[in-house]
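S.K.: One structure, as structure tokens, below. Some questions next.
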Amino acid sequence: MARIAGVNIPTNKRVVIALQYIHGIGATKAAEICAKVNIPAERRVAQLTDAEVLQIRETIDRDYMVEGDLRREVAMNIKRLMDLGCYRGLRHRRQLPVRGQRTHTNARTRKGKAKPIAGKKK
């Protein structure tokens, strides 16, 4: 099992798919990394040499923000919005949808389970 950016990536999957287990790397960035390191698309993680794993690790460390650093930066961005008191920050603070969705109905994922209101039968 290869360990890249503090994450154990699965050995039996293709490299492009396995790299997506790292927070901050999606399909496009995974393909980009494989192209930089010259790894064919159908290669599996178990078939990688130690040198290739090292190359992947160095490429990710040098060119991409992943895992802990990325999570910290996103959290700091949200905290900055909340401290400013801007509209998006207020929405984050109240745990409501931030991007303009309606909340009269729906938005249950963000608002949580529906709370019954006493005396609302009619």
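S.K.: Put +1 on the Cβ of every Lys and Arg and -1 on every Asp and Glu Cβ in the chain; which of 2, 95, 77 then has its Cα farthest towards the positive end of the dipole?
M.R.: It is 95, whose Cα lies furthest towards the positive end.
S.K.: Something else now. Let's see if you can work this out: charge +1 on each Lys and Arg Cβ, -1 on each Asp and Glu Cβ, no other charges. What is the dipole magnitude of the chain about its Cα centre, in debye to the nearest 20?
M.R.: Here the size comes out at about 1720 debye.
S.K.: Report the one residue of 105, 53, 41 whose Cα lies farthest in the direction of the positive end of the charge dipole of the chain (charges on C-beta: Lys and Arg +1, Asp and Glu -1; origin at the Cα centre).
M.R.: With unit charges placed on the Cβ atoms, the residue in question is 105.
S.K.: Let me check something: with ligands and nucleic acids excluded, how do 15, 7 order by accessible area (1.4 Å probe), largest to smallest?
M.R.: Putting 15, 7 in descending order of accessible area: 7, 15.
S.K.: So, one more: Would you mind telling me the share, in percent, of accessible area of the chain contributed by carbon and sulfur at probe 1.4 angstrom?
M.R.: Accessible surface attributable to carbon and sulfur in the chain totals 52 percent.
S.K.: Additional query: Please compute the per residue accessible area over the chain with all protein chains in place, 1.4 Å probe, rounded to a whole number of Å².
M.R.: Heavy-atom accessible area per residue stands at 73 Å².
S.K.: So how far apart, in nm, are the two label points at residue 51 and residue 111 if each is 7 Å from Cα heading toward Cβ?
M.R.: Each label point is offset 7 Å from its Cα along the Cβ direction, giving 6.0 nm.
S.K.: Let me ask another. For the full complex of protein chains and a 1.4 angstrom probe, list 65, 82, 1 by accessible area with the highest value first.
M.R.: 1, 65, 82
S.K.: Going by average Cβ neighbours within 10 Å, how do the peptides 88-94, 106-112 rank, with the highest at the top?
M.R.: 88-94, 106-112
S.K.: Can you give the accessible area of residue 25, probe radius 1.4 Å, in Å² rounded to 10?
M.R.: That residue has around 10 Å² of solvent-accessible surface.
S.K.: Would you check the chain for Lys pairs whose C-alpha atoms are within less than 24 Å, ignoring same-chain pairs closer than 8 in sequence, and give me the count?
M.R.: 7
S.K.: Project the alpha carbons of the chain onto their principal axes and report the range along each, largest first, in whole Å.
M.R.: Ordered largest first, the chain gives principal extents of 68, 35, 21 Å.
S.K.: How do 83, 50 rank by accessible surface area computed with a 1.4 Å probe, from largest to smallest?
M.R.: Of 83, 50, the descending order of accessible area is 50, 83.
S.K.: Compute, for residue 103, the solvent-accessible surface of its heavy atoms (probe 1.4 Å) with the complete set of protein chains present, and express it in square angstrom to the nearest 10.
M.R.: Residue 103 exposes around 40 Å² with every protein chain in place.
The values are calculated or read from the model by the stated rules, or taken from the named source; none is laboratory data. A quick note: this is a predicted structure, and the numbers were derived from the prediction, not measured. We place every Cβ from the backbone using ideal geometry, glycine too, and count neighbours over all the protein chains shown. When the accessible area is computed, the model is the full protein with side chains, heavy atoms only, and any ligands, DNA or RNA have been set aside. Shrake-Rupley method; radii C 1.70, N 1.55, O 1.52, S 1.80 Å.
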